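Just below is one structure, and these are the notes that go with it.
The values are calculated or read from the model by the stated rules, or taken from the named source; none is laboratory data. Every value quoted in this text rests on a predicted model; they were computed, and no experiment measured them. Here the Cβ is made from the backbone with ideal geometry for all residues, glycine too, and neighbour counts use every protein chain on show. Note: areas computed on protein heavy atoms with side chains; ligands, DNA, RNA excluded. Shrake-Rupley method; radii C 1.70, N 1.55, O 1.52, S 1.80 Å.
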Amino acid sequence: MKHRHQELSVAPGKWTRLTASLLSVVFLIAGCSTPMDARKDAPFQSYAHMADRPTQRPMRSLSSFSDSLMCMDRLFRDAQIPTTLITSKQIPDFSGRVPVATKDMIVTAISQMSRLSNAFRYVDFEVDIARQDTVQNLTTLLLNSNQIQLQRPALYVSGAVSFVDQNVINNRFDVGTSASRLETGYSQNRNATIIGMELHLGDFRTRTLIPGLDSANEVIVGTGGQGLDLAGRISDYGWQFNVGRDYTQGSGAAMRTLIELAMIELAGKWARVPYWQCLTLDQTHPGFQRQLRDWYDEGSTNVHQALVKKSLTSSGYLNAQTRDLPMTHPTVRSALAKYQADQGMVVTGELNFATYERALRHYVTLGEDGQFIRVGWLPDSTQPPVPTVHDGQVTAAPLGAPLGADPDPLRLDVQVENLVADKSVFEQGTQIFLSATVSRSAHLYCFMEQSQGGLMRLLPNPINSSSQVSAQQAVRIPDWMVPNPGFVLDAGMPGEESVACFATDSDLMTKLPDSLQGPGLRPVVGMTGMSSVREAFRQAAGTQGFAEQSIRWRVMPRRAQAR
């Protein structure tokens, strides 16, 4: 038998490519078996510090009821609601699907309703050992040694996330085609989940829930998505293409909305104030911010800057000399930062959508057809016209307009906070409590004229040496909410006493006479009455002007106590 030998012949070019491929595999295996040298990655790793940082600035967490909370604060102030201590139980979520800090959201809502009115103060005492921290441990030690005393709250908040019904409604749509060289697919889905919350207000002394002081609300959060798939072949090669877009409405923002609405209802019912006035604001409409975002996207950067600068001018943050400066000018950036601070925003000094929305939110209202319309956005010949048709509705005139003819002057509100019917008469020796509030961030100076003619500066003083105060936040004179207020304001000798406060946009202390620059809470020498102080401020302020308000009361002799 003869054996036939068959030889394998390989072309030189193919043999070269085959050899190179085998060598590459060998080198790859050898490389994987050798540890990498971390030192060679040092230039690459040096970018980690930058890459680890967020690319977007933080923003203030706002909801549809943020303006309603400020409205409630003003209602409490007008109704002269006395300060009430309040606390809260833990708000459980038995579904385990809403892992948010509900109790802390309650604290924030209470604080927002008390900035001006001081209506509520939250008693922060944690009884759960697992949630106690260093402050709680120190509090417990001081309580056991009688070195600290906790005031008993009058009210407490109780409640829970009552239910989370997921995917109550769900809509899906899928379609596709198939051919020898092309396959397509399209999908769309939408669903809605309902979150319910129930909160109650209870009397802490009796640990009983007050009938009628309850809130049971629910909110819908949804998700949705669209996707497109393409696949096919060209000759011997295959290709795939996939694109999609999705949205998810988070539970955190939904819970904040529920909590703020509940606290407005509970506090309004308890204080017996017309809280519904604060719930009918246009800003509470769920589409309010989305509509402003559409207008923001439609306009150009120049339009945004013109609108915001004119809003700042209307609010008094810019004047006729500074409103035409560019947004990058230090004066404009400082005014913008001051506005952001007064609005409780994250201060950046830069124009973004959050600032645009806060500056223009009071110039938008609901029309008779249920569509949002711009109010006061008048035409401006210096700006090109911008289409104002949105969703088929003509909403207003062109953008880039002045928002009000005259700037809003700095306003000052001084109040007597004593809980008495007649605040114009006090018995000798009675403690007097005052508060002062400015409409925008300013420098505040307060003086007292005694019945015998003596003058004294109350603010600033050695305890609070800064004259800068925040907008819409009551400055207590003296601060009766701290254990050691630093000084006490008593009705002096029989006669008439007065307190006058002056608010300015800039610090005038160094421009005042030397007699007014001395330390506070001491007699002012060289001034004859409050009229001389007023004249000194008029000369120091010059053309910028100042805001002033004074209050007077009569001091009566102390009545003899019956034996």
What distance in nm separates the simple spin-label points at D408 and S46, each placed 7 Å from Cα in the Cβ direction? 5.0 nm
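Count charges around M345 for me, please; just the other residues with Cβ under 15 Å from its Cβ, Lys/Arg as +1, Asp/Glu as -1.
Working: positive: R57, R60, R115, R333, K338, R358, R361, R440; negative: D67, D342, E350, E357.
Value of the local net charge: +4.
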Which entries in the list K103/K269; K338/K511; K423/K511; K89/K269 go over 27 Å, if you measure between the two C-alpha atoms of each? K423/K511
Between D128 and F163, what's the calculated FRET efficiency when r is the beta-carbon distance and R0 is 25 Å? Round to 0.05. 0.55
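Local charge sum around E548 (other residues, Cβ-Cβ under 11 Å, Lys/Arg +1, Asp/Glu -1)?
Values: positive: R411, R534, R538; negative: none.
Here the count lands on +3.
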Given a 1.4 Å probe and the protein chains all in place, what does the accessible area of L85 round to, in Å² to the nearest 10? 30 Å²
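How large is the translational diffusion coefficient of the chain in µm² per second when you combine the Kirkwood radius over alpha carbon pairs with Stokes-Einstein at 25 °C and 0.890 mPa s? Spell out each step's value before the answer.
Values: Rh = 29.9 Å.
The calculation lands on 82 µm²/s.
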Work out how much length T543 to K269 would gain on full extension: take 0.36 nm times their residue separation and subtract the Cα-Cα distance, in nm to one decimal. 94.0 nm
Angle between the Cα long axis of helix 102-112 and the longest principal axis of the chain, 0 to 90 degrees, nearest 10? 40 degrees
Given points 7 Å out from each Cα along the Cα-Cβ axis, report the R97 to E496 separation in nanometres with one decimal. 6.8 nm
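Tell me the mean residue ellipticity at 222 nm calculated for the chain from its helices only (DSSP H runs of n ≥ 4, each -39500 (n - 2.57), averaged over every residue, nearest 500).
Working: 13 runs with 149 residues, N = 563.
One gets -8000 deg cm²/dmol as the mean residue ellipticity at 222 nm.
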Using the Cα gyration tensor of region 406-516, the equivalent ellipsoid's semi-axes, largest first and to the nearest Å, work out to 24, 17, 14
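How many percent of the accessible area of the chain is carbon or sulfur, using a 1.4 Å probe?
Numbers: 17720 of 33370 Å².
Carbon with sulfur: 53 percent of the solvent-accessible area.
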Quick one: order E260, E350 from most to least accessible surface, probe 1.4 Å. E350, E260
Take D507 and V425, extend 7 Å from each Cα along the Cα→Cβ direction, and tell me the distance between the two endpoints in nm. 4.4 nm
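Quick one: pull the percentage of alpha-carbon pairs in region 67-160 with a separation above 20 Å. Show your work: numbers first, answer last.
Details: 2127 of 4371 pairs.
Roughly 49 percent, once rounded to a whole number.
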In region 53-81, whose amide N lies under 18 Å from the spot 7 Å out along Cα-to-Cβ of Y247? List them in ranges. 62-64
Just the Cα atoms of region 240-340: what Rg and Dmax do they give in Å? 20.0, 65
In degrees from 0 to 90, rounded to the nearest 10, what is the angle of the helix 288-298 Cα long axis to the longest principal axis of the chain? 60 degrees
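Residue separation times 0.36 nm, minus the C-alpha to C-alpha distance between D174 and R57: what's the value?
Details: separation 117, 0.36 × 117 = 42.12 nm, distance 3.87 nm.
That works out to 38.3 nm of additional length.
What's the magnitude of the charge dipole for region 487-563 around its Cα centre, counting Lys and Arg as +1 and Asp and Glu as -1 at the beta-carbon? Answer in Debye, nearest 20. Don't jump to the answer; show the numbers that get you there.
Numbers: 9 positive and 8 negative charges, 103 e Å.
With Lys and Arg at +1 and Asp and Glu at -1, about 500 debye.
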Taking 0.36 nm per intervening residue step and subtracting the Cα-Cα distance, what contour gain separates Q226 from L85 on full extension? 45.7 nm
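Taking only protein heavy atoms into account and a 1.4 Å probe, give the accessible area per residue of the chain in Å².
Numbers: 33370 Å² over 563 residues.
Roughly 59 Å² per residue, with all protein chains present.
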Among N189, Q151, W239, which residue has its Cα furthest toward the positive end of the charge dipole of the chain, with +1 on Lys/Arg Cβ and -1 on Asp/Glu Cβ? W239
With +1 on each Lys and Arg Cβ and -1 on each Asp and Glu Cβ, how big is the dipole of the chain about its Cα centre, in debye rounded to the nearest 20? 940 debye
Nearest-ten-degree value, helix 66-79 long axis tilted from longest Cα axis of the chain: 10 degrees
Paramagnetic label zone (point 7 Å from Cα along Cα-to-C-beta, Q151; backbone N under 13 Å) in region 465-497: 479-485
With DNA, RNA and ligands ignored, accessible area of V175 (1.4 Å probe; Å², nearest 10): 80 Å²
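What does the net charge come to around Q80 if you take all other residues with beta carbon closer than 10 Å to its beta carbon, with K and R at +1 and D and E at -1? Write out the running numbers ahead of the final one.
On the way: positive: R77, K423; negative: D78, E417.
Neighbourhood net charge equals 0.
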